[in-house]
Amino acid sequence: MRKEYIRTKEGSNISKIIVDRDLCIGAASCVAVSAATYKLDDENKAVVIDPNAASDEELITAAKSCPTKAIIIIDKEEKQIYP
Amino acid sequence: MKKFKYLIIGGGVSGTTAAETIRNSDKDSLVAIINEEPYTAYSRVTLSKHEFYDKEWEEDKIWFRTPDWYLKENIELIAGKVAVNLDHDKKLVILNDGEEIEYEKLLLAIGSCAKKWMVPGSDKKNIFVLRNLDDAKAIRDKMPTAKNAIAVGGGFVSFEMCHILRQFNIDTTLVLRESYYWEPVLSEDEAAVVEEALIKNEVKILKNSEINEVVGGEFAEGVILKDGTKIDCDIIIPGIGVACSLNWLKSPGLETNRGILTNEYLETNIPDIWASGDVAEFNDLILEERVQLGNWLNAQQQGRVAGLNMAGKKEPFRMVTSYSTNGFGVTICFVGDVRPEADRTMISRGSLESKSWARLLVKDGEIIGATIINRTPELAAISKLIATDFKISGHEKELADPDFDLKKVI
């Protein structure tokens, strides 16, 4: 199951963060990189608590840190930038 | 002879991230990765997750990078070969098939190795030490027919493997040399939360126990403990930690301890050689000591920093890394340095009743690491306390109070 989070941060090139819950193994790398954006829920899966909290760079670093590529980043033109 | 401007030994997440980072700042130079396993980069941490062993699991999910990626990035992958010698005067790496490869800049991202389990009979079949993809596949093939398993050792891989074994309804006995699970990384009370979950899920735990011998013919059929007890089994999974022989690197004069010594830029003592990931024993600017950390995030982020520095930047590695795992409904998370050395004191926040603990390790009045059981929401706050060199003096009571909101002291 994919969960989408719409980002509306001004000046950001990222429009959407998607977490693929079937891929997430709860390693919490994303939480360690961007605690303002992510937390683990009761099922030990990553969820976005605030899609507007971090810079674009931090969001991409957090997505890249995921060992199972469970975080997908979409830009303003609906293009997938990562992975 | 092949020659690369950037040569990376190790095709795991650290080496792969380094290659990617180099390619981002240097579009034209030759980059190669030597990978011992005959594969592209994959998600090693998934190998001890129950998802990998599920029937429904799609094999493709394991790949962190596919062959197209190496082509697209113009990174040569030399897979299935092992670097066995280094001549840093001539800037040569020699492979196990005798091939010599010349480099300008070299990264050692060689990871760590699972410790070999050495008792009489430990060379029999059906004994699986989990380190790489082939090991995991062999375990996965065996699981559906196994009836009785012995897991050895009290680390987190054993914990994860017990969960997987029980998922297959395999009778599981965990043999611990220590007097409780994960001594001395956890206290006995903290360990009780983990032990309770294991017992509730019908894992038998034998404490203060050691295996003297594995019995059977070609295949392991049982073990004999030190006290003479015999336990039947058809699968044994030892998880007794990691250690690597770095002898091939010591001889050319590379400074090593348990790992390869580096400064905060991940430079070794030899010019143009860097080290990153599990093998790097680096100068940690936050913890203010040399540490070697074996977690995915550390490996990945160090790969990035090593790549930047190899491509000409001068960036120190500075990050509090952590790793989290889950089994039987218990979430265990490690942050920073969790080694219970003599110069550290502990602060425990939690209780047996709440089945949750955070164990903070304190050195010179600052928190340097933590083991967090069933309190993952505190991960961010604890990481921040470590990163900001928070002085605990005057806050000891608050830190030990499980109901105190850690965000209040940040």
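Listing for the model above:
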{"read-out": "Ellipticity estimate at 222 nm from DSSP helix runs (n ≥ 4, -39,500 (n - 2.57)) divided over chain B, nearest 500", "value": "-6500 deg cm²/dmol"}
{"read-out": "Cα-based equivalent ellipsoid of region B:322-408: semi-axis lengths in Å, sorted from largest, via gyration tensor", "value": "19, 15, 12"}
{"read-out": "Estimated vicinal HN-Hα couplings, Hz - region B:145-162 in sequence order (Karplus 6.51, -1.76, 1.60; Gly, Pro = x)", "value": "9, 6, 10, 10, 10, 10, 9, 10, x, x, x, 6, 5, 4, 4, 5, 5, 4"}
{"read-out": "Probe 1.4 Å - accessible area at B:Lys2, Å² to nearest ten", "value": "80"}
{"read-out": "Alpha carbon Rg of chain A, scaled by the compact-globule rule 2.2 N^0.38 Å", "value": "0.96"}
{"read-out": "Accessible heavy-atom area order of B:Met118, B:Met319, highest first, probe of 1.4 Å", "value": "B:Met118, B:Met319"}
{"read-out": "Taking chain B and dividing mean pair separation by its residue count, relative contact order in percent (alpha carbons under 8 Å, at least six apart)", "value": "15"}
{"read-out": "Principal axes of the protein assembly as shown: Cα extent on each, largest first, Å", "value": "63, 58, 47"}
{"read-out": "Protein-protein interface of region A:12-42, residues with accessible area decrease of at least 10 Å², isolated chain reference, 1.4 Å probe", "value": "A:Asp22, A:Leu23, A:Ile25, A:Gly26, A:Ala27, A:Ala28, A:Ser29, A:Val31, A:Ala32, A:Val33, A:Ala35, A:Leu40"}
{"read-out": "q = 0.16, 0.17, 0.18, 0.19 Å⁻¹, region B:108-247: log10 I(q)/I(0) [Debye, one scatterer per Cα]", "value": "-0.83, -0.94, -1.05, -1.16"}
{"read-out": "12 Å beta-carbon shell around B:Gly253, net charge (K/R +1, D/E -1)", "value": "-2"}
{"read-out": "B/A buried area, accessible surface, summed, 1.4 Å probe, Å²", "value": "1700"}
{"read-out": "Solvent-accessible area per residue for region B:217-289 (1.4 angstrom probe, square angstrom)", "value": "42"}
{"read-out": "DSSP-defined antiparallel bridges as percent of all bridges, region B:60-219, nearest 5", "value": "40"}
{"read-out": "For region B:291-317 and region A:37-83, distance of Cα centres in Å", "value": "21"}
{"read-out": "Amide H within-cut-off set for B:Gly369, under 5 Å, with H built and near neighbours excluded", "value": "B:Asp337, B:Leu361"}
{"read-out": "Residue-normalised accessible area of region B:27-100, given per residue in Å² at a 1.4 Å probe", "value": "52"}
{"read-out": "Region B:319-410: chymotrypsin sites (Phe, Trp or Tyr not before Pro) falling in loop per DSSP and having at most 14 other Cβ within 10 Å", "value": "B:Phe404"}
{"read-out": "Share antiparallel - DSSP beta bridges, chain B, percent rounded to 5", "value": "55"}
{"read-out": "Three semi-axes of the equivalent ellipsoid, chain B, Cα gyration tensor, whole Å, largest first", "value": "35, 30, 19"}
{"read-out": "Residues losing 20 Å² or more accessible surface upon assembly, region B:281-298, compared with the chain by itself, 1.4 Å", "value": "B:Trp296, B:Leu297"}
{"read-out": "Relative contact order of region B:171-305, pairs being alpha-carbon contacts under 8 Å that are 6 or more residues apart, as %", "value": "13"}
{"read-out": "Qualifying trypsin sites (Lys or Arg not before Pro) in region B:312-410, DSSP loop, other Cβ atoms within 10 Å at most 14", "value": "B:Lys313, B:Lys314, B:Arg318"}
{"read-out": "The protein assembly as shown, accessible surface, carbon-and-sulfur percent (1.4 angstrom probe)", "value": "48"}
{"read-out": "Hydrodynamic radius by Kirkwood, which averages 1/r over all alpha carbon pairs of region B:246-291, in angstrom", "value": "10.5"}
{"read-out": "Residues in region A:58-83 occluded by at least 20 Å² - accessible area, probe radius 1.4 Å, against chain by itself", "value": "A:Thr61, A:Lys64, A:Ser65, A:Pro67, A:Thr68, A:Lys69, A:Tyr82"}
{"read-out": "Cleavage-rule hits, GluC sites (Glu not before Pro), region B:50-86, DSSP coil, Cβ neighbours within 10 Å at most 11", "value": "B:Glu56, B:Glu58"}
{"read-out": "In Hz, Karplus ³J(HN,Hα) per residue of region B:191-200 (6.51, -1.76, 1.60; θ = phi - 60°; x = Gly, Pro)", "value": "5, 4, 4, 5, 4, 4, 5, 5, 5, 4"}
{"read-out": "Overall form of region B:67-187 per C-alpha gyration tensor (a/c, 1.5; a/b vs b/c)", "value": "prolate"}
{"read-out": "Heavy-atom surface of region A:2-82, accessible at 1.4 Å and reported per residue (Å²)", "value": "43"}
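The values are calculated or read from the model by the stated rules, or taken from the named source; none is laboratory data. Quick caveat, the model's predicted, so the values are computed rather than measured. As a convention, Cβ positions derive from the backbone with ideal geometry for all residues, glycine included, and neighbour counts pool all protein chains shown. Calculation scope for accessible area: heavy atoms of the full protein, side chains included, ligands and nucleic acids excluded. Shrake-Rupley method; radii C 1.70, N 1.55, O 1.52, S 1.80 Å.
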